[in-house]
Amino acid sequence: MKILKMGLFLALVAALAGGALAFVNNITAPIIAENAIASEKANLQKIFPDASEFLIIEDFEDEAGLVIGVYEAVGYGMAYKVRVTGYANPIVFMLGISDDAKIVGFAVLELNDTPGIGDRIEKPEFTDNVIGKTTTDGIPVLSGATVTSAAVVKGINAARTMFNESKGIDDDGSGGIITPPPLQFGPSIGIFSTQTDRVSGEVMDKTTDGDIVTYIVSSRGYAVLEGGYDDAKPNVFEVVINRADNVIVSVSFIEMNDTQGFGDKIDADEFWEQFVDLDITDDTIEIDVVSGATMTSVSAARAVRAAIED
Amino acid sequence: MNQFENFRKGFLRENPAFVLYLGLCPALAISTTLNNALGMGVAVIVVLTIANTIVSLMRKITPMDIRIPVYIVIIATLVKMVELLMHAFTTDLYTALGVFIPLIVVNCIILGRAEAFASKNNVRDSIIDGFGMGLAFTWSLVLLGSIRQLLATGGLNLVNPFNQAVLFEFTIIPSEYTISMFNQPTGAFITFAMLAALFEVYKQKRMTSLKLKGKEVD
Amino acid sequence: MELLALFISAVFINNVILSRFLGICPFMGVSRKTSSALGMGGAVTFVMVGASLSTFAIYHLVLDKMDLQFMDLIVFILVIASFVQLTELIIKRFLPPLYRSLGIFLPLITTNCAVLFVALQNISQRFNLVETIVFAIATSAGFTLVLFLFSAIRERLDLADTPLPFKGNPIAMIVAALMALAFSGLAGLV
């Protein structure tokens, strides 16, 4: 009997306590939600400029682990905050999908990738292929910024999958990532040829680690020599040479300053691979230029020559 | 027992943190800045005072055997309310204090005072006791926090938690001489140990001087 | 091997006592003899794992479903208190010497910040069942480890010639400071 009395007493206290707590909770919960939304509101407004009410969706599950925030633009659609890893650094973007399953907004919030390459995902050449797409269409990656754009597309797809699941839209998997067609090569040029004679690259920096020497070389390409752009700049390459074995270890872009969509075509494995293991003492070594990006390809060759001859 | 004496004891002789070693978890963790220390201290004062009030009000009707769980429920409810209110109205402070706000529930000081004092005394005395103990604890946190912040960052600052307006801000140690170790656990333990030793010195001195005067030591 | 990373970080890098300052009261009080330290560690492990599982279940099956998340603190602490009562009864029955040596500190496990902390973290970090178990075991293992090391040092410390103001607890805090410094060196492990 005593235990029953005690149990009842405790239960009564707990019930009263719970009631009082529920009261406080009712008062504070909307304020808390409002505060949380406020920090994201600016970004959400970019995606849905006409929407006035936003809600945070707390419970969401993303298998890919890329979606870090889900918001509802009441009456307009859903917004997803996604974080992916690009070439080197995280990229955070907001994707807006309207209630009729179309992508209506894409805003990059954080981006720290290679300038001239990674930031192409902010430009129309990428965004035009994102906005307007449905939640099941394919989205092409950018050639020359493959790693970054593929990561972003993966993130977009993660958000789209969540949207489809929540709305019950069937995704037959016909969408996804559209990979670019393979690289077309043109004629070959020698590293030590006349083309690389006339204009030469300039070694800007050099670090030595035993036998391995890493050169940062600036080399004028299309933009400077023919494009006539206002603030044309040379391309910058990283050339790594093994001076003991006299071979090229690797060549890659530091800065691509030629025409977007053209010069960056050479930023592909099939192009850079040509340089690997070339014997620098052999003056007949040559590489194939990428068709449609000849001058940029030659600027790479010039950079390599400048590094070799340094 | 003289209420005023009781009130005074908490600050030096029976300081809850440095002499009685109660409520250490938040004391060490939260005391990285003066702002956080003050924020936590005020939260504890609120919970302690109200908890003492309620426990004292209910002391005649609470069954003996079940009193501890009852006190726990009361304290937990108050802490959760404080947590929700802080989340809504003082969001930055809420984020800074983090998990230590709900952990006020297990702050030995609160349960200790409820059991040792509020359950046996009238409401007026319990309110004063709760407020006094809370103030003493806040004073300990502020001491720890100010020293750590001063040594680790060279200055102190205080911000209005409701609207982030800066109340005061100053730097007196140039940044080349700051010791960032005081931001770390190691610095927390060391500062605490030093202060605890100082309090011990004070206690010993007081005891000897009281004995010399022929007075009773309490 | 994310579970392994979770385990190692909970035991060494974010050690519950030396890095998060939780569970300090028993740390200062019980750690004078290695045998009682291990006993306390065992009791805390039992309570922590049991309470974590219970609170996890109650939260996900009841509170969350009924939109009563704000009741979590009350419910959790009551569950922990009950578990500690249960542990007390078990130890009193089966290990009376341990019961005597732990004394008041056994019921005080209820106010051990570490136990409530783990219960709350399991929810706020959105752990699944397996991660909850791993986190609870790892945290209590880290707690026991530090308690044990500390008690071994304190056995010697009590015989050392400590300056008067530091005797007892203050010098123990200094030792804790050095241990925290040592453990912080493990930060690069994961």
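The values are calculated or read from the model by the stated rules, or taken from the named source; none is laboratory data. For clarity, every value in this text was computed on a predicted model and none was experimentally measured. Counting neighbours? That spans all protein chains shown, and the Cβs are built from the backbone with ideal geometry, glycine included.
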Given the criteria among the hydrophobic types (A, V, I, L, M, F, W, C), buried (at least 17 other Cβ atoms within 10 Å of the Cβ) and touching a Phe, Trp or Tyr at 6+ places or on another chain (Cβ under 7 Å), does A:Val251 qualify? yes
Take the stretch A:41-53 and flag every residue that is in contact (Cβ under 8 Å) with a residue 40 or more places away in the chain and either in contact with a helix residue (DSSP H, G or I) (Cβ under 9 Å, 6 or more places away or on another chain) or within 14 Å of chain B (Cβ to nearest Cβ) (or both). A:Leu44
Only one of (1) over 24 Å from B:Thr90 (Cβ atoms); (2) modelled with pLDDT of 85 or more fails for B:Val217. Which number is that? (2)
Flag if A:Ala300 is within 17 Å of A:Ser143 (Cβ to Cβ), in contact with a Lys or Arg (Cβ under 9 Å, 6 or more places away or on another chain) and crowded, with 23+ Cβ neighbours inside 10 Å: no
Might you let me know whether the stretch B:182-203 holds any residue that is more than 23 Å from C:Thr162 (Cα to Cα) and hydroxyl-bearing (Ser, Thr, Tyr)? no
Note on B:Ser56: of the conditions (1) surrounded by fewer than 21 Cβ atoms within 10 Å (Cβ to Cβ); (2) away from chain A (no Cβ under 14 Å), unmet is (1)
Mind checking whether some residue in the stretch A:226-241 is crowded, with 20+ Cβ neighbours inside 10 Å and in a loop (DSSP other than H, G, I, E, B)? yes
Residues to consider are A:Ser143, A:Ser149; find the one that is in contact with a Leu (Cβ under 9 Å, 6 or more places away or on another chain), assigned to a loop (DSSP other than H, G, I, E, B), more than 21 Å from A:Pro49 (Cα to Cα) and of a type outside the set (Lys, Arg). A:Ser143
C:Leu145 - would you say it is part of a helix (DSSP H, G or I) and at pLDDT 90 or above? yes
Just give me the residues in the stretch A:51-71 being closer than 20 Å to A:Val130 by Cα and not hydrophobic (A, V, I, L, M, F, W, C), in sequence order. A:Gly69, A:Tyr71
Can you tell me which of (1) in contact with a helix residue (DSSP H, G or I) (Cβ under 9 Å, 6 or more places away or on another chain); (2) over 22 Å from C:Thr34 (Cα atoms); (3) more than 8 Å from every other protein chain (Cβ to nearest Cβ); (4) in a helix (DSSP H, G or I) is the one C:Phe117 doesn't meet? (3)
If you take the residues in the stretch A:135-149 that are hydroxyl-bearing (Ser, Thr, Tyr) and either modelled with pLDDT under 75 or surrounded by fewer than 22 Cβ atoms within 10 Å (Cβ to Cβ) (or both), which one is nearest to A:Asp264 (Cα to Cα)? A:Ser143
Please name all residue pairs, on different chains or six or more residues apart, with Cβ atoms under 6 Å, provided the first residue is in the stretch A:10-23 and is over 10 Å from B:Val73 (Cβ atoms) and the second residue is modelled with pLDDT under 90. A:Leu21/C:Phe70
Take the residues of the stretch A:206-225 that are more than 15 Å from A:Glu309 (Cα to Cα) and in contact with a helix residue (DSSP H, G or I) (Cβ under 7 Å, 6 or more places away or on another chain): which is surrounded by the fewest Cβ atoms within 10 Å (Cβ to Cβ)? A:Leu225
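Results for (1) surrounded by fewer than 19 Cβ atoms within 10 Å (Cβ to Cβ); (2) touching a strand residue (DSSP E or B) at 6+ places or on another chain (Cβ under 6 Å); (3) in contact (Cβ under 8 Å) with a residue 60 or more places away in the chain, shown as yes or no for each residue.
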site	(1), (2), (3)
C:Phe56	no, no, yes
C:Phe76	no, no, no
C:Leu86	yes, no, no
C:Gly103	yes, no, no
C:Thr110	no, no, no
C:Val115	no, no, yes
C:Asn128	yes, no, no
C:Ala136	no, no, yes
Identify, from the list B:Phe100, B:Phe89, the residue that is surrounded by fewer than 17 Cβ atoms within 10 Å (Cβ to Cβ), closer than 25 Å to C:Gln125 by Cα, at pLDDT 85 or above and not aliphatic (A, V, I, L, M). B:Phe89
Hey, B:Glu176 at pLDDT below 80 and outside any loop (DSSP other than H, G, I, E, B) or not: yes
Residue hits (the stretch A:111-128; more than 21 Å from A:Tyr76 (Cα to Cα) and at pLDDT 80 or above) are A:Ile121, A:Glu122, A:Lys123, A:Pro124, A:Phe126
When the stretch B:67-101 is examined, which residues are found to be more than 9 Å from chain A (Cβ to nearest Cβ), under 14 Å from C:Ile74 (Cα atoms) and either over 17 Å from the mean Cα position of the chain (by Cα) or not in a helix (DSSP H, G or I) (or both)? B:Ile68, B:Tyr71, B:Ile72, B:Ile101
Can you find even one residue in the stretch A:8-31 that is modelled with pLDDT under 80 and either within 14 Å of chain B (Cβ to nearest Cβ) or touching an Asp or Glu at 6+ places or on another chain (Cβ under 8 Å) (or both)? no
Which of the residues belonging to the stretch C:19-44 are more than 23 Å from C:Ile90 (Cβ to Cβ) and not in a helix (DSSP H, G or I)? C:Ser19, C:Arg20, C:Phe21, C:Leu22, C:Arg32
Given C:Ile104, C:Ile137, C:Ile90, which one is out of contact with any helix residue (DSSP H, G or I) (no Cβ under 7 Å at 6 or more places or on another chain), within 27 Å of B:Ile72 (Cα to Cα) and away from chain B (no Cβ under 14 Å)? C:Ile90
So for the stretch B:11-21 (the condition being over 13 Å from the mean Cα position of the chain (by Cα) and buried (at least 22 other Cβ atoms within 10 Å of the Cβ)), does at least one residue qualify? no
Please verify whether C:Val134 is aliphatic (A, V, I, L, M), in contact with a Leu (Cβ under 6 Å, 6 or more places away or on another chain), at pLDDT 85 or above and farther than 16 Å from C:Leu38 by Cβ, treating the condition exactly as stated. yes
With B:Ser146, B:Ser126, B:Ser140 as the choices, which residue is more than 16 Å from the chain's Cα centre (by Cα), part of a helix (DSSP H, G or I) and in contact (Cβ under 8 Å) with a residue 40 or more places away in the chain? B:Ser126
Condition (residue is more than 9 Å from every other protein chain (Cβ to nearest Cβ), in a helix (DSSP H, G or I) and surrounded by 15 or more Cβ atoms within 10 Å (Cβ to Cβ)) applied to the stretch A:54-67: is it met by at least one residue? no
Restricting attention to the stretch C:141-155, does a residue exist that is more than 8 Å from every other protein chain (Cβ to nearest Cβ), more than 20 Å from the chain's Cα centre (by Cα) and not polar (S, T, N, Q)? yes
From the list C:Val47, C:Val75, C:Val84, C:Val16, which one is assigned to a loop (DSSP other than H, G, I, E, B), modelled with pLDDT of 85 or more and within 13 Å of another protein chain (Cβ to nearest Cβ)? C:Val16
